[in-house]
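A short worksheet on the structure shown next.
The values are calculated or read from the model by the stated rules, or taken from the named source; none is laboratory data. Bear in mind the structure is a predicted one, so any value in this text is a computation, not a measurement. Glycine gets a Cβ as well: all are built from the backbone with ideal geometry, and neighbour counts include every protein chain shown. Side chains included, ligands, DNA and RNA excluded: accessible areas come from the protein's heavy atoms. Shrake-Rupley method; radii C 1.70, N 1.55, O 1.52, S 1.80 Å.
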Amino acid sequence: MERDLFDAGHHDFRVMVRDFVAKEVEPHLTAWEQAGAVDRSLYVKAGEVGLLGLDVDEQYGGGRVADFRYSLVITEELCRAGASALTMNISGFNDLVAPYLTELGTEEQKRRWLPGLCAGRAVSALAMTEPGTGSDLKAIRTTAVRDGDEYVVNGAKTFISNGILADIVVTVVSTDPAAGAKGVSLLVLERGMPGFERGRKLDKIGLLAQDTAELFFTDVRVPAGNLLGEEGRGFGYLMGNLARERMSVAVTSMAAMERTFRNMLDYAGQRSAFGQPIADFQANRFALAELATEIQVARVFLDRCATELVAGRLTDTDAAMAKWWTTELQQRVVQRCLQLHGGYGFMREYPVARDFLDARASTLYAGTTEVMKEIIGRSLRKP
Ligand SMILES: Cc1cc2nc3c(=O)[nH]c(=O)nc-3n(C[C@H](O)[C@H](O)[C@H](O)COP(=O)(O)OP(=O)(O)OC[C@H]3O[C@@H](n4cnc5c(N)ncnc54)[C@H](O)[C@@H]3O)c2cc1C
């Protein structure tokens, strides 16, 4: 089915991104998986061709194209090449971190942080989750206590994508623990601040090329000038960008499952059993037909949500629907595609094995499936 959400500019951009991924990502993917992180040079190269800071104003080094479809193209092309782990490196900056800096940052903050991030000289992360809480964000225990012109930060974060590489970490802190959600603020912590330590690189089952880490803060003195927006309004700021964050994950799952399915079709057409390609057994043909239909239906809904996001109309409910539906569908697709590979599907040298492991995180991060259903369910009960 023809997709109708792109114009010529997006098509040209896709050609450029596909070329970039073929030259600068695919040859290094296995080495990065073994290292547990990408090389920092990836950021510089991505910055050089304009993949970082798509929405950021040109004067701060960005591309000034406030159009989610460009970010979507990058995500799709990474996933097409089996590099869904890298979406958190590139799309993660564009969709998760940059919006906080561009929308909340003062002139001085933007000048200080954005040029380096857009050029790939600096790496960013968004630190919300803590060892004691993930889904229930307002229960965070990392505190930032004001002391003159500084905040003194104590606490810990975990599961932070780019946690080891990051130079600039947008950190969710409590500036007033008694106030619950109204005491949540966003504070930027920077590499080298005394008391800001990285823990171990976490040992994940998939997304191996992405570094995911623990962060520890012990009496870190952070200038008050690193506060993003207003004190106590952090929870609202986070809620304001969650639709985009969830769409970013949904787009990743969608593109990744399309790749898995395409590869599986090739495999099932070539592999024979009982004298015929395994794709031609009626049971498998029906299975393929079902998956193809579900993928197509999800694709249409997701593209519609992307169009709504670009128009500034995407609701949190629709974003939550897109997130849980595509990520859960991805689990079914990858599970079925692995089964159709027989024993080869269990071998890491086959892309489906890596797809299977990489897919598993998608129903967990950026809000679990259950949390998405809570959001949708609550919206149904609103008068
Ligand atoms: C690979 C990876 C990368 C990540 N990157 C980042 C990052 O960059 N920054 C960051 O801040 N975080 C990141 N996370 C953390 C992620 O967002 C959290 O793991 C997620 O929000 C869930 O939180 P939790 O792990 O504490 O699970 P919990 O909140 O402890 O949930 C455990 C289970 O309880 C269920 N549950 C919770 N509340 C409800 C409810 N109300 N109703 C029904 N069920 C419920 C959940 O759905 C889940 O099944 C990452 C995680 C992974 C795996």
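Evaluate the stretch 226-235: report whether one residue or more is in a helix (DSSP H, G or I) and open to solvent by 20 Å² or more (accessible area, probe 1.4 Å). If you could, list the steps in order and put the result at the bottom.
Here is the first cut: in the stretch 226-235, the residues in a helix (DSSP H, G or I) are 226, 234-235.
Within this subset, residues satisfying the condition of being open to solvent by 20 Å² or more (accessible area, probe 1.4 Å) are 235.
The answer is yes; a qualifying residue exists.
For V123, only one of the following conditions fails: (1) open to solvent by 10 Å² or more (accessible area, probe 1.4 Å); (2) under 14 Å from M88 (Cα atoms); (3) away from the ligand (no atom under 11 Å from the Cβ). What is its number?
Failing condition for V123: (1).
State whether one or more residues within the stretch 120-127 are of a type in the set (A, V, I, L, M) and farther than 15 Å from L101 by Cβ.
The initial filter retains those residues of the stretch 120-127 that are of a type in the set (A, V, I, L, M), namely 122-123, 125-127.
Then keep just the ones that are farther than 15 Å from L101 by Cβ; that gives none.
No: the stretch 120-127 contains no residue that is of a type in the set (A, V, I, L, M) and farther than 15 Å from L101 by Cβ.
If I ask for residues that are open to solvent by 50 Å² or more (accessible area, probe 1.4 Å), part of a loop (DSSP other than H, G, I, E, B) and acidic (D, E), which ones from the stretch 195-215 would you list?
Scanning the stretch 195-215 gives a single hit, D203.
Can you confirm whether T326 is under 13 Å from S253 (Cβ atoms), polar (S, T, N, Q) and touching a Ser or Thr at 6+ places or on another chain (Cβ under 9 Å)?
Yes.
In the list G62, G116, which residue meets the criterion of being crowded, with 21+ Cβ neighbours inside 10 Å and either more than 14 Å from the ligand (Cβ to nearest atom) or under 12 Å from the mean Cα position of the chain (by Cα) (or both)?
One residue alone meets the criteria, G62.
So, in the stretch 143-162, how many residues would count as being within 11 Å of the ligand (Cβ to nearest atom) and of a type outside the set (F, W, Y)?
Residues flagged as within 11 Å of the ligand (Cβ to nearest atom) and of a type outside the set (F, W, Y) within the stretch 143-162 amount to 5.
Against the definition (under 23 Å from S135 (Cα atoms), part of a loop (DSSP other than H, G, I, E, B) and more than 15 Å from the ligand (Cβ to nearest atom)), how does G192 come out, yes or no?
no
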